[in-house]
Each structure stands twice: as structure tokens, then as C-alpha cells.
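See structure below.
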Amino acid sequence: MRNISDKHRIVIKLGTSTLAHKTGKLNIRRMTNLVRVISDLHNSGREIIIVSSGAVGLGAGKLGLAEKPKDTRSKQAVAAIGQCELMHIYDDMFAKYSITVAQILLTKTIISNPDHCRNFENTIEKLVSMDVIPIVNENDTIAIDELELEIGENDSLSAMVAELSNADLLLILSDIDGLYDDDPRTNPHAKQIHFVKEITPEIEQAAGGAGTKLGTGGMATKINAAKIAGEAGIDMIIMNGRDPELLYDLFEDKEIGTYFRANK
Ligand code: GLU
């Protein structure tokens, strides 16, 4: 049984593939629809916290680069450009619905420091109480994932944010409908799994194997997020961000995406 309709504080993770076209330029229709539906969920009384990727993608798009840069310095410079663009777009789009947004940039070093964590928690509480939607990203200009000092992908980050913000639900919007029992891109008979009670070796296998990091946005990082959220007692959903209207169905407890039940 799903109980999504009861969830009050929701962390929504938006990936670059949801927000931007392959060119790195903004997917205007998708973003417009997403901001409209998220604003509506906010207006219905839910507390929303967004974890948004897109800094590197939008920065590359803004500079007209054919692809994301590979070296650390360029990636970080491009992220600095894109983060500014990203927040400008959110600020502008949410303003249409009279909703104020706020930017929070995190690194793993911040998350592993109890004082900094407390500051983060306090700020989130304050912003939410002021009816503001906080928008979190990793501080890509500071984080150096090559040295494995940092998180490097926003799936795990979103689970940590959900834990620190005492969320009731982590909602990961992706470019795939959910978790499948095999790779749907190579196996046309792959079936979607709608409900995951426990992350077993079979589930890890379905996600592409335990411990593998299929680049940012792979299913393995989402399973990792489900583990972090689950241990914190937070349910998680992975669903396709292609059609934001489906969020209404989700909150009417319709069977959308894959639901990971937390082991409370
Ligand atoms: N923080 C990165 C960005 O904003 C994205 C990381 C990810 O794709 O998970 O571009």
C-alpha cells in the first residue's frame, strides 16, 4: 500500500537530463511544467526542498560547448557559470507563482561537520517556515570528486539532504520510469519493479551491480540514495520527470515509478 498522499515534507531531486536538452540548453517546456506543478504542491501545503543538478550542464550550454568539460578546473569554472544561470531561472520561474527560492550549496566536508550540519538544518527549518523553497546543489566549484573527497553526484546528496531536513519522502525525478529487473535499453522484456521493501542483492543486481557508479545519474547511485534514505526512515520514489503532471497522480497514491519503503 502506498501512502504518498500523507507525505508532508518532500525533497525533490531534479537531474540534468530532466532540466536540460542534450545540448545543455534549458528544456523550457519541461522546466515550465515542473515549476508549475511543484508550485501547486507547495500551495497545497506541502513543504518542498529541491536538490537540483544542472550547474555543469547549463554552464556548458551557456558557453556553447559541444560537451561538458572533463578536466577539473574547466568543470568547476563551468559549474560556477551554470549555477548562477540555474538559480536565475528558478528565481524567475517560481516568481510567477509568488514563490521565493533560496540557494544552498553543500560539500561532503560540510555534511561531515556536526556544527555545519546544525546550521544547515536550522537554515532549512527557517526557510521552510518562511514559505520559501530551498534549492540545494553540491558546491561544484569547491568539491573535487576526482579526489573522492566529495559526493560528486546528486542522488546521494539528495538522500543526505532528506535526512538532514527530516523529510517524509525523497522523490528522485529521472529520465527512466523507475527500477527494472533488467536494463530496459537492452532488454525489451525488462519489467518495471513498482515496490521495493528491502534492498537485496537481486535489487542491486537489477540496478547494475553493487557498488558500481554508472557515472552521475546511473541507477546504482539511486539505490545508494535509497539505502541512505531508508536507514534514516525516509521512503523514496524514483520516477520519470518527463511528464510533471504525473506528480499529481503520485500524490493520489497511484502506482507511479518505483517505491522504496524505508526500513523503519
Ligand atoms: N552538481 C552537478 C551539477 O549541478 C550534478 C551532479 C549530478 O549530476 O548528480 O551539474
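Quick one: if the Förster radius is 41 Å, what FRET efficiency do E231 and A66 give, using the C-beta to C-beta distance and rounding to 0.05? Numbers along the way, then the final one.
Values: r = 41 Å, r/R0 = 0.99.
Rounded to the nearest 0.05, the efficiency is 0.50.
Quick one: of K7/K62; K7/K96; K13/K75; K13/K197; K96/K126; K70/K197, which pairs are farther than 29 Å apart, Cα to Cα?
Details: K7/K62 37 Å; K7/K96 25 Å; K13/K75 21 Å; K13/K197 21 Å; K96/K126 23 Å; K70/K197 38 Å.
Pairs exceeding the cut-off: K7/K62; K70/K197.
Let's test the formula: R0 of 30 Å, r as the Cβ-Cβ distance of E252 and H88. What FRET efficiency results, to the nearest 0.05?
0.35
At a 10 angstrom cut-off on C-beta neighbours, averaged per residue, how do the peptides 223-235, 115-127, 245-257 rank from highest to lowest?
223-235, 245-257, 115-127
Based on the mean of other Cβ atoms within 10 Å per residue, sort peptides 48-57, 133-142 so the most packed one is first. Display every interim value, and only then the final one.
On the way: 48-57: 25.4, 133-142: 21.5.
Order by mean packing, descending: 48-57, 133-142.
Can you list the residues, at least 5 places off or on another chain, whose amide H is less than 5 Å from the amide H of A102, using H built in the peptide plane?
Placed amide hydrogens put I133, I135 under 5 Å from A102.
Taking θ as phi - 60°, what are the ³J(HN,Hα) couplings along the stretch 74-85 by the Karplus curve (6.51, -1.76, 1.60), each to the nearest whole Hz, with x for Gly and Pro?
Going residue by residue, I get 5, 4, 6, 5, 5, 4, 5, 5, x, 4, 5, 4 Hz, with x marking Gly and Pro.
Comparing K108, K197, K70, which has the greatest mean-square fluctuation in the GNM of the chain with Cα pairs linked when under 10 Å apart?
K70
Once the Cβ-Cβ distance between E121 and H194 is put in as r, and R0 is 25 Å, what FRET efficiency do you end up with, to the nearest 0.05?
E(calc), rounded to 0.05, equals 0.15.
Each value in this text was obtained by applying a stated rule to the coordinates, not by laboratory testing. The structure presented is a predicted model; accordingly, all values stated were derived computationally and were not measured. Because the Cβ atoms are built from the backbone with ideal geometry, glycine has one as well, and the counts that use them run over all protein chains shown.
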